[in-house]
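Below: one structure, written as structure tokens.
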Amino acid sequence: MKLKWSLLPRYSVFGLCVLGLLVCLGLSELTPWIWPLTLLMAFLVAVGIYDMQQPDYAVRRNYPVIGNMRYLFKALRPEMRQYLFESDTDQLPFSHKQRELVYARGRQHNSSQPFGTLLDVYSDSYEFIGHSMQTSSVPDPKGFRLNVGNSQCSHPYNASLFNISAMSFGSLSANAIRALNKGARLGNFAHDTGEGSISPYHREFGGDLIWELGSGYFGCRDEEGRFDGEKFARQAASEQVKMIEIKLSQGAKPGHGGVLPASKISEEIAETRGIPMGKDCISPSNHGEFSTPLELLSFIQRLRELSGGKPVGLKLCLGQPWEFMAIVKAMLETGIVPDFIVVDGSEGGTGAAPTEFTDHLGTPLREGLQFVHNSLVGAGLRDEVRIGVSGKIISAFDIACVMALGADWVNAARGYMFALGCIQSLSCHTNKCPTGIATQDDLRQKSLVVEDKADQVRHFHHNTLHALAEILSAAGLHTPWQITPDHLVHRVSENEVKLFSHLHPFLTKGALLTQGDDYPFYRRVWAMAQAESFQPRSLSEVSGAKRE
């Protein structure tokens, strides 16, 4: 009897639907207007019968009809949370306040904030920049540019401080690529191609390009997927291509390769990447052209020669620290120094990545930047290598923070996606992006009007740098490169704040090339690193080197 009563809540809704259908059928001859309700009841009964038969969802089998509400609410949850329940400062992954700031600056709306800050200025994550009693005149943000290219480069690039980070055609739609590149041309800043190579949509408006070269060597590979020097040289000769970036890893999924299923490869993607139709496209987790730091430096030199002397650099999310120091040691041994290094933080985003990789793999941006900066300073090479950074950078204050820690310029991906109109629907991997940005669906991407969104990209770039100029003025500075760790402050507890210069260690020039007991962590990792291999030296070797 108990078992029978337990069936009542499970099948009550389905039973009511069956009863409703029978009543409607009985009344249909007397009241013709009841047919719409009859059809609705018939539909619900059919749903209930299907629910009890389908093998995939236990909830729907046990609770026919009503069990579907769970999946309906689950599907609506992101939108309900974003529009009804999320606070202005909840970062999921970007807060409403951050998104609205980009929208306002992209659309030339007033981005001022009334009635005071929404942030808790006494929380242990609060940061601020000290202003000066002697403010300076507001500098022209058009002057926020720097030359990238050391003495080994014959064609340095005069880059903007704030550029578009790597996003490939294929991940983004054709119209999104068009709008980004046109915006970059209008605003005179650079557009990173992502590892998917240079598509016709990157070329359409002639904006400056940073060509990212991943392990798949897309756009310059032979039929076996190996690097093809002749194809590379032809692509690199383009006037649009200003710099070459070798991608070692990326923040969202460091150390992880990729597979583009054959079903998603269009003729345009196949032609752009130089891959065949009808076969899965594999991006290996490792490069085939080098396996040691010395070989990596030789590859950099080869790309410099093939490109006619354009700046060549690296992009990486910091992983094992001795591996980066091994690259630095290889620089000292070979004399080959990359023109730039882009540090990608683990908080970076991608269309899709394994949850464990997104949440727990790789070094966050600030720690990665600081280690790369200190390693180059300690080896006496910092003056020859520019450092770019990317990873959840939205505002002028975000830029100021990473400049204080050693960055020379910054890139943003999701910030410029918001400028295109991204609403953070978190559907990048479904091909159903509601704004036409992260999709290859022709109908969906037509909603993205290139001319309109290109202007928003340009305005976001300009207005963000203008906000940075106003911060510099308030701090009594004239250029972003004058920002030091002494200007930024981080709250460490309710009753204590620390300058960045007191919170973070900063090596002195050439410190790693001399003996000493200072900087024990850096010295230990330096002793472990070797130019001949990415593998660390053994503890016995390190101990022996110290005794010598």
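The values are calculated or read from the model by the stated rules, or taken from the named source; none is laboratory data. The structure presented is a predicted model; accordingly, all values stated were derived computationally and were not measured. Neighbour counts run over all protein chains shown; Cβ positions are idealised from the backbone, glycine included. These accessible areas exclude ligands, DNA and RNA; they are computed on the full protein's heavy atoms, side chains included. Shrake-Rupley method; radii C 1.70, N 1.55, O 1.52, S 1.80 Å.
Structural remarks
- Residues of segment 9-37 that turn out to be of a type in the set (V, I, T) and open to solvent by 60 Å² or more (accessible area, probe 1.4 Å), as a count: 1
- So K253, is it out of contact with any Asp or Glu (no Cβ under 7 Å at 6 or more places or on another chain), open to solvent by 20 Å² or more (accessible area, probe 1.4 Å) and assigned to a loop (DSSP other than H, G, I, E, B): yes
- For the residues A330, A326, the requirement of being closer than 20 Å to F227 by Cβ, among the small types (G, A, S) and open to solvent by less than 10 Å² (accessible area, probe 1.4 Å) singles out A330.
- Neighbours by Cβ (under 7 Å, 6+ apart or cross-chain): first from segment 106-121, within 27 Å of N495 (Cβ to Cβ); second open to solvent by less than 90 Å² (accessible area, probe 1.4 Å): L118/D88; L118/T89; L118/K97; L119/T89; L119/Y126; D120/Y126
- Residue in segment 185-194 that is within 22 Å of I275 (Cβ to Cβ), surrounded by fewer than 22 Cβ atoms within 10 Å (Cβ to Cβ) and at pLDDT below 95 present: no
- Taken as a whole, the structure leaves V372 outside the set of residues that are at pLDDT 95 or above and either closer than 23 Å to H96 by Cα or open to solvent by 10 Å² or more (accessible area, probe 1.4 Å) (or both).
- Flag if A412 is more than 20 Å from Q250 (Cα to Cα) and open to solvent by less than 10 Å² (accessible area, probe 1.4 Å): no
- Of all the residues in segment 266-295, those that are farther than 26 Å from P338 by Cβ, small (G, A, S) and modelled with pLDDT of 85 or more number 1.
- One residue stands out among those in segment 195-206 that are open to solvent by less than 30 Å² (accessible area, probe 1.4 Å) and not in a loop (DSSP other than H, G, I, E, B): the one that is farthest from N158 (Cα to Cα), which is Y201.
- Here S171, S165, S160 are screened, and the one residue that is under 20 Å from the mean Cα position of the chain (by Cα), open to solvent by 60 Å² or more (accessible area, probe 1.4 Å) and within 26 Å of V343 (Cα to Cα) is S171.
- Matching entry among K498, K453 (being of a type in the set (K, R) and out of contact with any His (no Cβ under 9 Å at 6 or more places or on another chain)): K453
- Residue satisfying condition, being under 28 Å from V385 (Cβ atoms) and assigned to a strand (DSSP E or B), within set A166, A159, A184: A159
- For segment 42-61, filtered to residues that are surrounded by 15 or more Cβ atoms within 10 Å (Cβ to Cβ), touching a residue at least 12 places away in the same chain (Cβ under 8 Å) and under 43 Å from the mean Cα position of the chain (by Cα), the residue that is nearest to C24 (Cα to Cα) is V47.
- Hits in segment 221-241 - residues which are basic (K, R) and either open to solvent by less than 40 Å² (accessible area, probe 1.4 Å) or part of a helix (DSSP H, G or I) (or both): R221, K231, R234
- Pairs, first in a helix (DSSP H, G or I) in segment 387-399, second aromatic (F, W, Y) and at pLDDT 95 or above, C-beta under 7 Å, six or more apart: I399/F162
- Scan segment 256-287 for residues that are in contact (Cβ under 8 Å) with a residue 60 or more places away in the chain, over 21 Å from the mean Cα position of the chain (by Cα) and open to solvent by 70 Å² or more (accessible area, probe 1.4 Å) and the total you get is 2.
- Any hit, segment 207-214, residues being on the phi > 0 side of the Ramachandran plot and open to solvent by 20 Å² or more (accessible area, probe 1.4 Å): no
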